[in-house]
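Structure, as structure tokens:
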Amino acid sequence: MAEKNEMFNIPRLAYFQYGNIFSGSWKGFDYKIIPVADGQLEVKTWTGPFCDQKSEIQLVQQFPASEEGRVALVEHLYTQYQAFYSANSVEEE
């Protein structure tokens with residue numbers, strides 16, 4: 001299996017401090033990270049071929065906009081991907 005940081009390739013904090021939104025996917029598992037008020041990063045996860053606006057959001061969670069929060073966010077994405085993988089038998093590399 002690919003390394004967590006390689007799978008999700010989340011930008012450094014400065015990217016979000018300027019108000020940028022980041023989205024990505026890994027083998028059908030989709031996510032979007034949005035900087036929100038109070039120094040938080042909000043991450044939405046969903047599955048399928050469509051964008052978040054055309055999909056059912058499975059989970060929304062917030063993390064502090066800090067390096068520790070960024071690490072926790074990557075862990076969260078990895079855990080959610082593992083649940084998706086085990087439920088859908090996605091082929092691993």
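Please compute the per residue accessible area over segment 15-93 with all protein chains in place, 1.4 Å probe, rounded to a whole number of Å².
Details: 4720 Å² over 79 residues.
Value for segment 15-93: 60 Å² per residue.
Based on alpha-carbon atoms only, what is the radius of gyration of the chain relative to the globular estimate 2.2 N^0.38 Å?
It is 1.04.
In whole Å, what are the Cα extents of segment 31-82 along the three principal axes, biggest one first?
Projected onto the principal axes, the Cα atoms of segment 31-82 cover 30, 25, 12 Å.
Using a Förster distance of 22 Å, how high is the FRET efficiency between K4 and I57, based on the Cβ-Cβ distance and rounded to 0.05?
Computed FRET efficiency for K4 and I57 comes out at 0.50.
When the dipole is taken about the Cα centre of the chain, and only Lys, Arg (+1) and Asp, Glu (-1) are charged at their Cβ, what size is it in debye, to the nearest 20?
Roughly 240 debye for the chain.
Have a look at M7, Y85, S23 and report the one farthest towards the positive end of the charge dipole of the chain, computed about the Cα centre with Cβ charges (Lys/Arg +1, Asp/Glu -1).
Of the listed residues, the answer is S23.
Take the solvent-accessible surface of the protein heavy atoms, probe 1.4 Å, and return the percent of it on the chain that carbon and sulfur atoms account for.
Here it works out to 47 percent.
Within segment 1-45, which chymotrypsin sites (Phe, Trp or Tyr not before Pro) sit in a loop by DSSP and count at most 10 neighbouring Cβ atoms inside 10 Å?
Answer in residue order: Y18.
Relative to the first principal axis of the alpha-carbon coordinates of the chain, what is the inclination of helix 67-88, with its axis defined by its Cα atoms, in degrees from 0 to 90 and to the nearest 10?
20 degrees
The values are calculated or read from the model by the stated rules, or taken from the named source; none is laboratory data. All of these numbers come straight from a predicted model, not from anything done at the bench. Note: ideal-geometry Cβ built from the backbone for every residue, glycine included; neighbour counts use all protein chains shown. Keep in mind that these areas ignore ligands, DNA and RNA; they rest on the heavy atoms of the full protein, side chains included. Shrake-Rupley method; radii C 1.70, N 1.55, O 1.52, S 1.80 Å.
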